[in-house]
1. Here are the criteria: (1) part of a loop (DSSP other than H, G, I, E, B); (2) charged (D, E, K, R); (3) modelled with pLDDT of 95 or more. Tell me which single one Lys132 does not satisfy.
2. If Val192 passes every condition in (1) surrounded by 18 or more Cβ atoms within 10 Å (Cβ to Cβ); (2) part of a helix (DSSP H, G or I); (3) of a type in the set (A, V, I, L, M) but one, which one does it miss?
3. Filter the range 59-106 down to the residues that are assigned to a loop (DSSP other than H, G, I, E, B) and either of a type in the set (Asp, Glu) or touching a strand residue (DSSP E or B) at 6+ places or on another chain (Cβ under 6 Å) (or both) and list them by number.
4. With the structure loaded, tell me whether Val201 is outside any helix (DSSP H, G or I), modelled with pLDDT of 95 or more and buried (at least 18 other Cβ atoms within 10 Å of the Cβ) or whether it fails that test.
5. Regarding Val81, is this residue closer than 23 Å to Leu131 by Cα, assigned by TED's automatic domain parsing to the domain that holds Thr145 and crowded, with 19+ Cβ neighbours inside 10 Å?
6. Scan Arg134, Arg153, Arg104 and give me the residue that is closer than 15 Å to Ser75 by Cβ and among the basic types (Lys, Arg).
7. Suppose we keep only residues that are farther than 21 Å from Val217 by Cα and among the β-branched types (Val, Ile, Thr) within the range 139-184. Which one would you say is surrounded by the most Cβ atoms within 10 Å (Cβ to Cβ)?
Amino acid sequence: MARQQRNIKQDVDAVVARVETVLPPPASWLTPTGYPDLARCIRDSVWSTGVNYGGVKNVIGRYAALPGYSPSNDSKQLAAVIDGAGGPAAFADEVNNYQRTSTRNGILKAQAIREAAQVMIDHVIFTTDDLKSRHTAQTAAFAGTETAWKAIRGQGSGITWTYCQMLAGIEGVKPDRMIRRFVATALEIRSVDADYAGQLVTRAALRLAEKHGAGAVTLGRLDYAIWSYEREVNAQRARARRSQPKEATGQKESRAITRMNQALATTEAALPTSPAETT
């Protein structure tokens, strides 16, 4: 998508229109809940990216059984739990999760979580209160924290950085594939990049808050409403696929033979006529 060729006001209008068409009234939107401890914010932000959240819950359950775990763990204690398991690879064994930050040259998410915890430790951010106060101050040091987080392999988009802050109670939008798909549909285009999708949802939230009230529409509530809608769309598609009757093996083979014969006929028709046939 060539962003410079788009009209941002019209695009915001399109996102607002889609919100008001397919989502329930803002007063019924849920307020997303995060975590009081930074360890879970870090862990969830990385583990939940690009996967079904049901699997994440299973991993979280196994993590909670590890020595040193506490619901109030800070970034230092998160690092200690991973190191106590024997390091990121052994930690991945313990929680039975070998997902990587990317299918191409990605590192274990367990490794990314350990590195993210270290970023927080290095920047003296141990608790959610620390993170929120640094976000409010918006110092050069906090910008350095963001840069260091994004330097972790697979975290360059900044989506997990934003989501970690949202889980800590900081308003934001997580422009993951769910949000981007909603925005792309609103704009009637195939895809939209994360930064632009985030900008549009942020501006749409401001527009909707003017109409429905700041209490009903916050950026976090809009983000969660969109995410929930797209998750349900996914679930409906999955149910529709499962409800379709499976094609019998004989029918598959028959269709394959038909396609092969059609291809052969096309190939033969394209062959040059031999000299003997032209005389």
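1. (1)
2. It fails just one condition, (2).
3. Within the range 59-106, Asp74, Gly106 qualify.
4. On the way: outside any helix (DSSP H, G or I): no; modelled with pLDDT of 95 or more: yes; buried (at least 18 other Cβ atoms within 10 Å of the Cβ): yes.
So Val201 fails the test.
5. yes
6. It is Arg134.
7. Thr160
The values are calculated or read from the model by the stated rules, or taken from the named source; none is laboratory data. Here the structure is a predicted model, which is why all the values come from computation and not from measurement. Every residue, glycine among them, receives a Cβ derived from its backbone with ideal geometry; neighbour counts consider all protein chains shown.
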